[in-house]
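Just so it is clear, none of the values below were taken in a lab; they were calculated from the coordinates. A quick note: this is a predicted structure, and the numbers were derived from the prediction, not measured.
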Amino acid sequence: MGHTLTNPLLLYSALILGTLVALAWALSRGQGSSSSRKWLALSASPGLLALLTVFSLALHLHSSLGDWPGNIGTEGFTQALLTHYNIAAWLFTAAILLAIGMPLVILVCALAPRLRAHMIYPSLCGVACWLCLFLTTLAPSGFLDWWWD
């Protein structure tokens, strides 16, 4: 019984579902329609930037090396490739942390009446970050083998 409660897949599923429900609730209240487009774009930008840098890193990596790395790490990378990797890794880590932490921010917004009207922003940020994590799995397997090692 205790094993079910500690299953990470169950926890992540609950976090994803909660984030999606919060976004649907905010949209049903018309929050997205009255919001400034720049604030909505800014809310989604962490996840979208992380996704963009991971996929552009895959292209950069393959075009620079001619293939996927055969070893773990960044040994032999050019300075440009190493910089690109560091930026992608930082943004991807931030997206993971935001995806996991955003449900707490959404909960605070839901419980505070003055913040409830702004729940669209953390909800959109969380959904964009979860989307980034899922879409990253579509990268080529040679890249993913290196990326996750």
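Here are the numbers for this structure:
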quantity: Descending semi-axes in Å of the chain, equivalent ellipsoid built from Cα gyration tensor; calculated: 33, 19, 11
quantity: Rg/Rh for the range 33-100, where both radii come from Cα atoms and Rh is the Kirkwood radius; calculated: 1.12
